[in-house]
Amino acid sequence: MGILKRKLTSFQIILIGFAGVILLGAFLLTLPISSKTHEWTSFIDALFTSTSAVCVTGLIVFDTATHWTIFGQIVILLLIQIGGMGVVTIAVSLAVISGKKIGLFSRETMKNAISAPNVSGIVRLTGFIIKGIFLIELIGALVMMPVFCIDYGAEGIWLSIFHSVSAFCNAGFDIMGTKSGEFTSITRYSAQPVINIAIMLLIIIGGIGFLVWEDICKHKWRIREYRTQSKVVLIVTAALIVLPAIYFFFFEFGDLPIGERILASLFQSVTPRTAGFNTVNLTAISDTGLYLMIILMLIGGSPGSTAGGMKTTTIAVLFSSAFSVFRKKDNAELMKRRIDDETVKTASAIFIMYITLFLLGGMAISAIENLPITSCLYETASAVGTVGLTLGITPTLGIASKLILILSMFFGRVGGMTLIYAAFGANKKQVAKLPTDTIAVG
């Protein structure tokens, strides 16, 4: 193990950890015990489902309730939990529980896995994260349990647990298929406030990031004492919930009763941020609404959270950089703090990688499957943003298109910079510099 650690970087460990769990999950899902037909599931479909679960995406080729047995559903739920918490987080937690000493390399890997600022206090933070995750998921399940148990009896307990974990981990998997039809998500509860509010809160709490949790628990309402990152995350998250909800309320759901209209507008504003549940028929939404959802899917959640996407902080840094250019300032600024150039360059690189993968993936699927480009871009944005919302084309796709979505989901969950650093290294510094020159832009 010591030799392995010296040869592999922390980013490579993260990459290998996720890939290993995905392959193990795919193997378990191929087994006859996992499917209700008691037949072997094709490896490509099992791999797609396992990748979607570990990468907390929610795109599916089979309806989770009608195709998978209880064993298969438990495997999927465990994969979601591992993917949401992070492979490294779980490994470090098990090491702590077993009494093993956590070395500097493990601490550095954990820091990179949850986007922590430094290794100081990382083991304590890991314990805080684990306790917080299970407490919030338990509360979420208990809140939804009375509603589900009234409707489905004792089975409501399993429904509550599954949907609480899936919502908190921003996975979007549901097991409502046997109750209200295949691929229906939670549309049956579109007017039910308890289920709507519980799932929305679980999505938001899971998506704001573990460091924001720590600030909230430590400083309570003393927001001035929060980290700059936490302030940015909370402000951007609030804006990305409220503004789209206003659009959905006035332009998309005018035929619904006022109470259901408010719930639907808020829910469709929250869920594209990597969650993947839906309470309305997505194919009935206008093209403008669909493209708004695509933007929300690509932005995603926040660093060090259960969510994917480019992240709220990336968008905030890019906008602050643009404003600094408009105002002819030397540096980007956020919350009365100067943002270093390295952060701005990293944000730009992440933006370019996500947009490129999103566009190329969507165009490739459209060309391969001869499908409308809007549907394919929506599906690709859902994959790379680890969302799981779909216009219904995923189950019909061929092997090549499924592989494109599998790679997109993996990229979206692990993160573009993690992949780059794993491949090329993160600490190479340029010593010699080339002569500068000026190029006209804009």
Expressed in angstrom and rounded, the centroid-to-centroid distance over alpha carbons for the stretch 29-62 and the stretch 194-264 is 32
Ignoring ligands and nucleic acids, residue 317 exposes an accessible area, probe 1.4 Å, in Å² to the nearest 10, of 10
Net charge of neighbours whose Cβ lies under 15 Å from the Cβ of residue 22, counting Lys and Arg as +1 and Asp and Glu as -1
+1
Over the chain, what percent of the accessible surface lies on carbon and sulfur atoms, probe 1.4 Å?
68
Report the accessible area of residue 13, computed with a 1.4 Å probe over the heavy atoms of all protein chains in place, in Å² rounded to the nearest 10.
50
Pairs 131/345; 220/345; 7/231; 131/311: which are spaced more than 30 Å apart, C-alpha to C-alpha?
131/345; 220/345; 7/231
For the residue 239, residue 364 Cβ pair and Förster radius 35 Å, calculated FRET efficiency rounded to 0.05 is 0.60
For 218, 311, 36, what's the largest-to-smallest order of accessible area, 1.4 Å probe?
218, 36, 311
For the chain, with the dipole built from +1 on Lys and Arg beta-carbon atoms and -1 on Asp and Glu ones, taken about the Cα centre, which of 130, 373, 28 lies farthest toward the positive end?
130
For a distance above 16 Å, tell me the whole-number percent of Cα pairs in the stretch 119-236 that qualify.
65
Once 378, 152 are ranked on solvent-accessible area with the largest value leading and a 1.4 Å probe, the list reads 152, 378
Just tell me which aspartates and glutamates come within less than 14 Å, Cα to Cα, of residue 329; anything on the same chain fewer than 8 places away is out.
340, 341
Net charge dipole size for the stretch 321-376 [Lys, Arg +1 and Asp, Glu -1 on Cβ; Debye, nearest 20]
380
Taking amide H atoms as placed 1.01 Å from N in the peptide plane, list the residues 5 or more away in sequence, or in a different chain, whose amide H sits under 5 Å from that of residue 339.
332, 333, 334
Would the chain count as rounded, prolate or oblate if I go by the C-alpha gyration tensor, calling it rounded below 1.5 in a/c and otherwise prolate when a/b exceeds b/c, oblate otherwise?
rounded
Run the 1.4 Å probe and let me know the accessible area of residue 202, rounded to the nearest 10 Å².
10
Could you order 248, 351, 411 by accessible surface area, starting with the largest, using a probe radius of 1.4 Å?
351, 411, 248
Treating only the Cβ atoms of Lys and Arg (+1) and Asp and Glu (-1) as charged, compute the dipole magnitude of the chain about its Cα centre; round to the nearest 20 debye.
2140
Accessible area per residue in Å² at 1.4 Å probe, computed on the chain:
46
Net charge contributed by nearby residues that have their C-beta within less than 13 Å of residue 230 (K/R +1, D/E -1)
+4
What is the sum of charges, Lys and Arg at +1 and Asp and Glu at -1, for the other residues whose Cβ falls under 12 Å from the Cβ of residue 215?
+4
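The values are calculated or read from the model by the stated rules, or taken from the named source; none is laboratory data. Small disclaimer: the values here were computed from a predicted structure and weren't measured. With ideal geometry, Cβ positions are generated from the backbone for all residues, glycine too; neighbour counts draw on all protein chains shown. Just the protein is used for accessible areas: all its heavy atoms, side chains included, with ligands, DNA and RNA removed. Shrake-Rupley method; radii C 1.70, N 1.55, O 1.52, S 1.80 Å.
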